[in-house]
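Notes for the one structure printed next.
Values in this text are rule-based calculations from the coordinates and carry no lab data. All of these numbers come straight from a predicted model, not from anything done at the bench. No Cβ is skipped: glycine too gets one built from the backbone with ideal geometry, and neighbour counts run over all protein chains shown.
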Amino acid sequence: MKARAATSFGEDATSSAPLLRVRSLTTSYVGERGSLRVVDDVSFSLEGGKVLSVVGESGSGKTALCRSIMRLFPTSKVHVDGQVIFDDQQLLELDDLEMSELWGTRIAMVFQDPMSSLNPVMRVGNQVAEGPRRRLHMARSAAKERAISALKSAGIADAKQRYSRYPHELSGGLRQRVAIAIAIANGPKLILADEPTTGLDVTVQAQILSLVNQLSHSAGIAVIMVTHDLAVAASASDDIAVMYAGRVVEIGPAREVIGHPRMRYTEALLLASPRLYQTPHARLNAIAGRPPDPLDLGPGCAFSPRCPHADSRCFEERPELTASSEDQRHLYACWHPASAALDEFAKLAVK
Amino acid sequence: MIVFVISIGVFLLLHLLPGNPAYAILGPGATPLAVAKVTRQLGLNKPLIDQYVTWLTRALHGNLGTSYLTEQPVSTTIGHAFPVDLELVILSQLIAFALAIPMAITAARRQASILDRIFTMSSFGMLSLPAFVIGVPLVLAVAVTVHWFPATGYTPIYSQPITNLHEMILPSITLAVGSVAIYYRLLRTDLIATLQEEFITLARSKGLSNREVMYRHALRPSTFSVLTATAINVGSLLGGAVVVEYLFGLPGMGLLLVNGIYSRDYVMVQGVILTLAVAFVLVNFLADILYRVIDPRVRHA
Amino acid sequence: MPEGTESHQVDIDPDTLHNDAHGHGGARARDKTSAGVMEANSQEPGKRVLGPAFWIAVGWIAIIALAAIFANLLPLPNPNLTGAGPAMAGPSLAHLLGTDELGRDLLSRLIFGTRVSLVVSFASIAIGTAIGGSLGIVAGYVGGVVDWMANALAYIILAFPPLLLLLAIAAFSKQTLPKLVAEFAFLSLAPLFRVTRGATLAVANREFVQAAVASGAGRFRILTREILPSVLPSVISYALLGVAIVIVGEGSLAFLGLSVALPTPSWGNMIAEGRTFLAVDPWISLIPSLAMFSLLLALNFSADKLGERFGSREAKL
């Protein structure tokens, strides 16, 4: 099944340049009380067949980052700056029509809550087949076949029977598999998954994560997975980017970010995450303070008001992303980086 | 069950009113002999329950009695009149949907746009134009002044369909005006809510065009309250149909009812009201079934 | 805030990110600030204010009501006086809106005709709201068998087309003003009961009511002090719609000649009478039509604005 998935839903990403390059991406919502910068100067690259997890708390801009790459917003009062280069195309320079041609066929999305992201009054099979039928202009029967094999690739065993079910007749895990089938049906090269496992229980969560990884690696699909859960990110991604107040504050290979966090916010997140670490004194280290008000950010590091290591420099001067001495691909933005490895506390195996 | 309760209601309604219906039928100058005769004819001297059982048994067999005035079976007269109402109501609802759905889609797609404001303001206007208010100016404008449509007259649809349609258009529009406003407002509200749903964003992310998103994904989940409203609305449409038929001289149930009231044709009024009430219940029953077809969640609940 | 548009602002998981209540509460407070910026996108403009159009509508209703109440004091000829002027005359200084086919003053008939519509509609809805509303609030709050029975009864009444009921009554008894009021009040009971009950159910489980229960407030006190004020706006908005609906109903009856007996003027029977002379003098019929339209428009509009202002979206039926 793995092999079939690889041949029917993706091409090998063998080109030398990364599939996706994001440069200085800045996104603002324009509202009545002025504009609100939700993504601030974010840059990264992602290759085909790799999974990047974007981790952050509520309001850190991780979802907005996803939507900016996709250019899919519910309102038009959004302003996006910078560069998004996908497959040698400047996405931000495309007009709406050209952009929507990429939607579904080259870039696809998986949403947080499959209950609300699936149409309640449409059979799930038709929702999967709709993409191939409308966008690839397949005949009805071919689209149906395509949909069934997409459902199979998404790990739905009795795809033929499930095809004519309605969303409310399926379990949460199955619904999310359907959502994934919708995303892969047209063989995209990039999938943006926004909290794909948040509503699911832990066992199902693990299954969905391994499915995402398997699809990504076997079909060469690049996946950006947004999550607030470091445990999810640690178990299912090649790279991790940590976001805080709209900025990427630490990014690198998952093993490095989890094993040797440098930015103090990442460190605090890890120490507060009971599923990843057992702290020596079995006490959870909550992060004091509250997330920053995006309308009222100081000139310094946005985390400084909550950071136990912050000094006056942290409040006045914003640290830039710098490469770690141990791994050039591991970048962090901190004036007082942590040095001790947290390996010894690790509970979960990190890839 | 509801039909049964209604039958009791219709029956009691006309029997519990003060005074002997025979007087009502014959008028104040009736001789005691005539009153006694009519009373016997109608079975009014028997106990109420007996009267009801007799009446109901006959009604169930399609026998609604004989008109005191025309001496024709009421069911025959109703059989001729009912298709007029059916056509009037169906035509008016077709017109209402044909206007309300595109209006609501346009308005919901571009909220607070000029078109949205115009439609919403005019929906208030239409809501304030019951049949007896809009009917007269409409007749004046299109029938009296420019003679596009006839102001009165009726040809059965099975003898001359074209003439029939020509005659029915003005009455149907008169009846449709209020419905347009109701359906437009409900559908617009529901469409706006549906368009905020995440499955709409997902549909867009599939690369579907706005049109496909609207018609394939947004419209159907937005029609539930319109459907419910249509079923309830039939009640006021039946009332409106009475006015419209009176205004345009259409020989439907409404005219039958009004004339029955004028001439105190007791049996006729009872028959017409029972028929219309049962029709109303049936429509609501049909709407319930249709609801299940449109919303799979209800089907399995 | 619309669902699904800004999911990243509500996706917090306190177990992994914040273990202290303070941090969690802080996240909520912050959500509000950014949500405030975003709200401009999802809300219709002017939702929070009633706006000048609302007050114009209310003013118009008030003018009509005042004219009807003080009709006797206005310098108008008797509305039933035939030959007050030449028949079917156009507007003149003596007769501002002209005269009808019998030479009766149209303005006078129009103003006196308002009385029937307004008395019937306001009185019947007031009675209906008082009875149906209190039943609804009690049934919704008490629940149980009382609620079930009252609700079932309302359903049965609602299963009957209202205008047919009126026509059936009209069939065998002459209509008078008090009878009309009673009939429409009866018809308005079931819908007003259901709206009030619905609003009460929605409120009864809210935190502030629970808090009052917990603090040991008596049932009557909770009903009058906690529930009534929150239910009232949507009921009033619905009652205004009811007034419009009753005006339509009475007008339809009058149009069919089945409301108050002639020659007492009412807008409905004026429209019906003028209809005969449509080709000769359309204004006899058009003037009351316009008056009816403007009053209904004002009622519908203000009811809608009130409903919108207090966030209730009751079905417009």
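Points worth noting:
- Order of C:ILE227, B:ILE294, A:ILE107 under a 10 Å beta carbon neighbour criterion, fewest first: B:ILE294, C:ILE227, A:ILE107
- FRET E, pair B:PHE285, B:SER225, Förster distance 22 Å, beta-carbon r, rounded to 0.05: 0.75
- Label-point gap, in nm, between C:THR276 and C:PHE220 - each point 7 angstrom along Cα→Cβ: 5.9 nm
- FRET efficiency, A:ALA157 to A:SER24 (Cβ-Cβ, R0 56 Å, nearest 0.05): 0.80
- For the segment B:256-269, counting C-beta atoms of other chains within 10 Å of every residue's C-beta and taking the mean gives 3.
- When B:TYR246, A:TYR166 are arranged by Cβ crowding within 10 Å, least crowded first, meaning fewest neighbours, the order is A:TYR166, B:TYR246.
- Cα gyration tensor shape for chain A, rounded if a/c is under 1.5, else prolate or oblate: prolate
- Estimated FRET transfer efficiency (C:ALA212, B:ARG297; beta-carbon r; R0 30 Å; 0.05): 0.25
- The equivalent ellipsoid that matches the C-alpha gyration tensor of the stretch A:176-279 spans semi-axes of 25, 15, 12 angstrom, in descending order.
- Global form of the stretch C:118-167, assessed from the alpha-carbon gyration tensor, a/c cut-off 1.5: oblate
- Neighbouring Cβ atoms from other chains, within 10 Å of the Cβ of residues in A:112-123, number 6 on average.
- Membrane-span-like helices in chain A, defined here as complete DSSP H runs extending at least 24 Å along the helix axis by their C-alpha atoms with mean Kyte-Doolittle hydropathy no lower than 0.0, are A:202-219; this is a sequence and geometry rule, not a statement about a membrane.
- Sequence of B:LEU256, B:LEU56 once ranked by neighbouring C-beta atoms within 10 Å, starting from the fewest: B:LEU56, B:LEU256
- Point-to-point label distance, A:GLN207-B:ALA112, nm (Cα→Cβ direction, 7 Å offset): 4.5 nm
- Chain A - share of DSSP beta bridges that are antiparallel (%, nearest 5): 60 percent
- Peptide B:206-213 has a mean of 6 when you count, residue by residue, the C-beta atoms of other protein chains within 10 Å of its C-beta.
- Highest mean packing first, where packing is the average number of other Cβ atoms within 10 Å per residue, the peptides C:111-122, A:237-248, B:113-124 line up as A:237-248, C:111-122, B:113-124.
- The stretch A:20-45-the stretch C:135-182 distance, computed between alpha-carbon centres (Å): 59 Å
- In a fully extended conformation the segment linking A:ALA288 and A:ASP41 would gain 86.3 nm over its present Cα-Cα distance, using 0.36 nm per residue.
- Packing, as the average of other Cβ atoms within 10 Å across residues, places the peptides A:136-142, B:222-228 in the order B:222-228, A:136-142, highest first.
- Sum of -39500 (n - 2.57) over DSSP H runs of 4+, divided by residues of chain A (222 nm, nearest 500): -9000 deg cm²/dmol
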